[in-house]
Structure formats: C-alpha cells, structure tokens
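Data block below; observations after.
What follows is calculated from the coordinates using simple rules that are stated; it is not laboratory data. Predicted model, so just to flag it, every value in this text is computed and none were measured. Positions of Cβ are backbone-derived with ideal geometry, glycine not excepted, and every protein chain shown enters the neighbour counts.
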Amino acid sequence: MFLKTIIINLKKPPTILNQFLKETVNISSVYSEEVINERLSVLRVENGNGKNTFAEDVSLGLTSFPKGLHPKYFYDSPGSELFEQICKTPEYYVTRTEASILERYSEEIAQLNCDKKNIVELGSGSSIKTKYILGSFIRNSGSITYMPVDVSDIIVQSSKKLLDEFEGLSIKGIISEYEEGLEVINELIDSPKMILFLGSSIGNFTQYEASELLACISSIMNENDSFLIGFDLVKDIDVLNAAYDDSAGVTAKFNINILSRINKELGGNFDLSKFKHKAFFNTDFSRVEMHLESTKEQLVYMRDIDESIHFEEGETIHTENSYKFTDEMISELASFADLTVNKTWKDPENYFGLYLMKK
Ligand SMILES: C[S@@+](CC[C@H](N)C(=O)[O-])C[C@H]1O[C@@H](n2cnc3c(N)ncnc32)[C@H](O)[C@@H]1O
C-alpha cells in the first residue's frame, strides 16, 4: 500500500451548491491517493479552498433565521449506517422501487452503453443498487472501472465487497463532495463514461442548485458519454409522508444524528431528547421537508465554535428537502444543463423514474 498526494487546481468557475448558506466556492483541491491493492485505490479530496468547513456551516446555519443545516452533514459513519437502515424500512419505497427498475432494465442500459468501460457514480453510498449495472456492464464488456464519489468513508467498505463479488472490476473510489469529485474525474478519464446519480439525491437541491449541479455534470461530459439519473416522482401525499417518518423511527434517528455529530465534532451540548423529528410534504414547493423541532425554549452551547444558540419552543432546524418531480420539471432541468433525455424507465406505479441523458 502507498500514499501519494496530488494537488490540482480546479478550473471551474465558482458555483453555488449550498442550499441554505449560498456560499461561493473557489476551488483548488488537494487529494491523496491510497492504493489498497492492484484493483482498488481510494482518493481523498479536501474541500476546495474557500468552501466552508463543518464548523463554519453549523455556525452560519444555526445563527440564520430560519435555522438550517446542510443535509450532506447527515453522512458521518453512524448517519451512513442509519441511511442503510432507512432503505430497508417498509415505508421507504424509494430504494426498492429504483432497485426493481435497475434489476429489470440494467441489461438494456448496458447494451445501450456498450462502448463504455468507465462508470462514475455520485453519492454512491453502499452501492447496493449499482450492482445490477456493474453486473450487466461486466457481462457485456468483460472488465470495467468503477469510480464511486461520496463524502462518506462508506466507499472503502462497499468497494471491498464489490471486488469480492465481481471479477473484472477495478475501483477508484473518490471520497469527496460532488463538485470536486467531478473535477478529479475530468482529470482522470478521457475515454467514454457513464455517470450515475441514483436514489433521487438530486432532490436534496433546490431547483436552482439542481440545475447548477447538472450543468457541472454536463460540463465534464463528452458527446459519447451518458448520464443516468434517478428521480423520485410526485405521488400520493400519504405515501410520501410515511416514507420520511417510518413507524420504527429510523428516519427520526437519522435526522437527530446530525445533532449528535455536532456534539461529537464541535463540543456541542444538544440534549437530543429535547428535539423531535418532523417530516411533511410541502405541496407548494413539491418537496418533503425534514426538520428538528425544539420541544422547549432552550439554549445550546457549542464549545469549539464558542457559540450559544437560543431556541424558542416549537422552533425548527430545517435539515433536508427532498423534491418530488414531474416529467416536465425533469425536462426543464435537463435542458438548462444542455442535456436531453434519451430514454426513461419507470416502475408500473410511476413512483420512480430512471432517465438516460446525453449532451
Ligand atoms: C440519499 S443517499 C443515496 C445513496 C445511494 N446512491 C442510494 O441511492 O441509495 C446520498 C449519498 O450521497 C452522499 N452525499 C450527500 N451529499 C453529498 C455531497 N455533497 N457530495 C458527495 N456525496 C454526498 C451521502 O454520503 C450518501 O451516501
């Protein structure tokens, strides 16, 4: 095993990706590469210069009105584990529906992309659903390189499992935020690639931010590349509300875990029993919102940033949006990013759609 450090000056202009804080990003990233074995290496990318740290975002988010925290901070190690548990709850139809579409159509997707030996995935998590795609591509072309990009260290474990399962697979994992990860991909790959963005993770961004992110993805695509993205579609409100407030309380634990992370990493003294999980579909914005509601008037202190935060009883911290889409919204997003939808696959109930886009 060896470690090398590489500095790249990323060329993209500043892009706004932060839904609550609207920071401007000047990127100049550094990454180190750990070669674990001949089929697996992991690149760790530092945040671009000028991009806020966890401490800065927490401070800004909790002193703003209304209070908010960016959902990317859910995914520390316990948070990633809790997300995997959410995917198994009966109410969270998103994962099993998208998995069923992938299981059914990944052979067709692989045949439509038989010229590609590189698969990039943004926000890959455990890569469980990606197995359908990887299996079909390997059956079609013998060997491929998979490049998962995720802020979470979960990449290391999930990559090891994938290598045990698939001969013919090499993995270059990238522990990074989306934008920096895309720039690294752009530096590393010059042959045709397919970029995946599953789980409707695009729904965590406002419409403006989502268009910016798609434009960023489009900017590193060539004519022969393709982009496969999963969108959760507008549906019955009761189904949506239940999916984000499961009866076993797993989503509630996931939401509240962000406060544990602040306690651990910033010396906070949040009393978790004084906050409750709230999730509801906001029809006006076509999104499920998650909040943490203070059940009492209280003062919380974070030692490492020397900040005291006052909460009124009933005041909330807005922790996540999960937009739900129509075909019209999706076409608009695609055309803003100079992409066109080539093919769509949906489940029989039209709960979820996979959209194959090209430049
Ligand atoms: C909702 S989960 C989806 C995981 C997987 N794609 C699926 O469909 O089950 C979102 C994933 O994206 C990662 N993530 C969230 N925000 C990110 C960001 N800004 N940059 C990179 N990864 C991010 C999380 O760590 C998590 O693994």
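Just the residues that are polar (S, T, N, Q), surrounded by fewer than 17 Cβ atoms within 10 Å (Cβ to Cβ) and touching a residue at least 60 places away in the same chain (Cβ under 8 Å), please, taken from region 245-299.
Ser247, Ser260
Of the numbered conditions (1) surrounded by 16 or more Cβ atoms within 10 Å (Cβ to Cβ); (2) assigned to a loop (DSSP other than H, G, I, E, B); (3) not polar (S, T, N, Q), Leu240 satisfies every one except a single condition; which is it?
Of the numbered conditions (1) surrounded by 16 or more Cβ atoms within 10 Å (Cβ to Cβ); (2) assigned to a loop (DSSP other than H, G, I, E, B); (3) not polar (S, T, N, Q), the odd one out for Leu240 is (2).
Could you run through region 319-359 and say how many residues are part of a helix (DSSP H, G or I) and charged (D, E, K, R)?
Taking region 319-359 first, the residues part of a helix (DSSP H, G or I) are 327-336.
Cutting the leftovers down to charged (D, E, K, R) gives us 327-328, 332.
Of the residues in region 319-359, 3 are part of a helix (DSSP H, G or I) and charged (D, E, K, R).
Looking only at region 59-81, which residues are within 9 Å of the ligand (Cβ to nearest atom) and of a type in the set (A, V, I, L, M, F, W, C)?
If the condition is that a residue be within 9 Å of the ligand (Cβ to nearest atom) and of a type in the set (A, V, I, L, M, F, W, C), then Phe74 is the only one that fits.
Within region 179-199, track down each residue that is surrounded by 21 or more Cβ atoms within 10 Å (Cβ to Cβ) and either of a type in the set (S, T, N, Q) or in contact with a Phe, Trp or Tyr (Cβ under 9 Å, 6 or more places away or on another chain) (or both).
Across region 179-199, the qualifying residues are Glu180, Val184, Met194, Ile195, Leu196, Phe197.
Based on this model, can you work out whether Ile185 counts as over 19 Å from Thr95 (Cβ atoms) and within 16 Å of the ligand (Cβ to nearest atom)?
Criteria met by Ile185.
Exactly one condition in (1) assigned to a strand (DSSP E or B); (2) farther than 24 Å from Lys88 by Cβ is not met by Asp284; state its number.
Just one mismatch for Asp284, condition (1).
Would you pick out the residues in region 57-81 that are free of Cβ contacts under 8 Å to residues at least 40 places away in the same chain and not hydrophobic (A, V, I, L, M, F, W, C)?
Residues satisfying the conditions are Asp57, Glu81.
Among the numbered criteria (1) surrounded by 17 or more Cβ atoms within 10 Å (Cβ to Cβ); (2) touching a helix residue (DSSP H, G or I) at 6+ places or on another chain (Cβ under 9 Å), which single criterion is violated by Pro78?
(1) is the only condition that Pro78 fails.
Would you point out the residue of region 82-129, among those that are of a type in the set (Lys, Arg) and away from the ligand (no atom under 14 Å from the Cβ), that is surrounded by the fewest Cβ atoms within 10 Å (Cβ to Cβ)?
It comes out as Arg104.
Return yes when Leu134 is buried (at least 17 other Cβ atoms within 10 Å of the Cβ), more than 10 Å from the ligand (Cβ to nearest atom) and within 22 Å of Ile202 (Cβ to Cβ) and no when it is not.
yes
Does Val156 meet the test of being in contact (Cβ under 8 Å) with a residue 12 or more places away in the chain, part of a helix (DSSP H, G or I) and away from the ligand (no atom under 16 Å from the Cβ)?
No.
What's the number of the only condition in (1) buried (at least 20 other Cβ atoms within 10 Å of the Cβ); (2) under 22 Å from Glu180 (Cα atoms) that Gly68 fails to meet?
That leaves (2) as the condition not met.
List, please: which pairs have Cβ atoms under 6 Å, are six or more places apart or on different chains, and start with a residue in region 192-206 that is on the phi > 0 side of the Ramachandran plot and near the ligand (Cβ under 8 Å from one of its atoms) and end with one that is outside any loop (DSSP other than H, G, I, E, B) and acidic (Asp, Glu)?
Sorted first by the residue in region 192-206, then by its partner, the pairs are Ser200/Asp232.
Given (1) within 16 Å of the ligand (Cβ to nearest atom); (2) not in a helix (DSSP H, G or I), where does Glu212 come up short, assuming only one miss?
Failing condition for Glu212: (2).
Going by the conditions given, is Tyr146 surrounded by 18 or more Cβ atoms within 10 Å (Cβ to Cβ) and not in a loop (DSSP other than H, G, I, E, B)?
yes
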